[in-house]
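Working notes, beginning with the structure itself.
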Amino acid sequence: MRRPLARPDGAGVGADHHVRRGGGRDGARRPGAAAPRHRRAPRLPLRKVTTVTEPYRPSDATLRFYPEAAVGGYPHVDGEIEFYLRVGALVGPESRVLDLGAGRGQWAVEPAPRTRRDIRNLRGRVAEVVGCDVDPAVLDNPALDHAVVAPIGEPLPFDDDSFDLVIADYVLEHVAAEDVDQFVAEILRVLKPGGWFAARTPNKWGLIGLAARAVPNSLHTRVLSRVQPERKDIDVFPTRYAMNTRRRLRELFSGHELFVYGDEAVPTYFEQHRAAWLAASLYGRLTPRRMSSTLLVFVRTAS
């Protein structure tokens, strides 16, 4: 999971945001209201980053349970490919994209299947990809045209109706309950009418969500170091799960077109432990789709 747009105490980017003058939670401006004024984001130079060159090889566990991963490096139930294929269908050469919580671009700098990286990388396929994060590590993200370090407690530093697509990949689970409404309002504000918001996040009632909430945030790094020893501490962040159910998403995006479906991909959290992997795989196959580990969320804003 990538760095949340939140303070260490759980307050997010929207914590002290003020919804634009004349606007409501859905970002709609009232007739006759003064046009909101937001400062433009400073264009910070991206640092030169060396991308991955070493070949990728699927883990032994992946090859054991998904032997087709030997062909191209990915299994037939790859959640990342599923999500970004659909994201790619929403944009074109003229699109402007905001990657909210972009982080350091771990997927672009560490070994991964080439097909997965190619599908995920929007740079060069759209007019502009802007990354926004509270962490200066976003300046190291090689998949961005521009990077913005967002000051904590201020609105997103973009004009209204700036983007055709906003992506939040494994970010929603980090937003604190008191910040959710303003977080959503800022997303809707910077999206153009008819634009798309796309998110991938753990289901609060899925296996990952249940397990994460059973472990105190203070122990997440220690636990993940055992189940995913290759995972870096800088990629582990506190989780809140304040907007990770279908019902809550319907409430937050009321008035807009919402599409949510479950995805049960490879249980990579458990690939170092055969018994846990088997148990997680069996759980995923037997549980209803509504309890899938991951929710794929797509919202089309009202025109």
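The values are calculated or read from the model by the stated rules, or taken from the named source; none is laboratory data. Computed from a predicted model, the values in this text were never measured in an experiment. Reconstructed Cβ throughout: ideal geometry from the backbone, glycine too, with neighbour counts over all protein chains shown.
Residue check: GLN182 meets all listed conditions (1) under 23 Å from GLU94 (Cβ atoms); (2) outside any loop (DSSP other than H, G, I, E, B) but one, namely (1). Looking only at residues in the range 88-107 that are among the aliphatic types (A, V, I, L, M) and over 12 Å from the mean Cα position of the chain (by Cα), which one is nearest to PRO155 (Cα to Cα)? Checking each candidate, the answer is VAL97.
In the set (1) among the aliphatic types (A, V, I, L, M); (2) more than 22 Å from LEU191 (Cβ to Cβ); (3) at pLDDT 95 or above, the condition left unmet by LEU122 is number (2). When the range 213-263 is examined, which residues are found to be at pLDDT 75 or above, closer than 17 Å to ALA176 by Cβ and of a type outside the set (S, T, N, Q)? Scanning the range 213-263 gives ARG240, TYR241, ALA242, MET243, ARG248, LEU249, GLU251, LEU252.
Across the range 125-140, the number of residues qualifying as touching a helix residue (DSSP H, G or I) at 6+ places or on another chain (Cβ under 8 Å), modelled with pLDDT of 95 or more and not in a strand (DSSP E or B) comes to 1. Here the condition is being farther than 27 Å from ARG248 by Cβ, surrounded by 24 or more Cβ atoms within 10 Å (Cβ to Cβ) and touching a residue at least 24 places away in the same chain (Cβ under 8 Å); of VAL129, VAL166, it holds for VAL129 alone.
Checked against (1) in contact with a Gly (Cβ under 8 Å, 6 or more places away or on another chain); (2) farther than 17 Å from TRP205 by Cβ; (3) of a type outside the set (Lys, Arg); (4) modelled with pLDDT under 70, SER281 passes all but a single condition, namely (1). Suppose the filter is buried (at least 24 other Cβ atoms within 10 Å of the Cβ) and under 27 Å from GLY79 (Cα atoms); does VAL138 pass it? The answer is yes for VAL138.
Could you tell me whether the range 173-188 includes any residue that is in contact with a strand residue (DSSP E or B) (Cβ under 7 Å, 6 or more places away or on another chain) and modelled with pLDDT of 95 or more? So far as the range 173-188 goes, yes, one or more of its residues are in contact with a strand residue (DSSP E or B) (Cβ under 7 Å, 6 or more places away or on another chain) and modelled with pLDDT of 95 or more.
The one condition from (1) more than 17 Å from the chain's Cα centre (by Cα); (2) under 23 Å from ALA242 (Cβ atoms); (3) in contact (Cβ under 8 Å) with a residue 60 or more places away in the chain that PRO151 does not meet is (3). Taking the numbered list (1) surrounded by fewer than 17 Cβ atoms within 10 Å (Cβ to Cβ); (2) modelled with pLDDT of 95 or more in turn, ALA143 passes all entries but (1). Sub-6 Å Cβ pairs linking a first residue in the range 182-208 that is surrounded by fewer than 24 Cβ atoms within 10 Å (Cβ to Cβ) to a second residue that is acidic (Asp, Glu) and not in a strand (DSSP E or B), at least 6 apart or interchain, are LYS192/ASP161, ordered by first then second residue.
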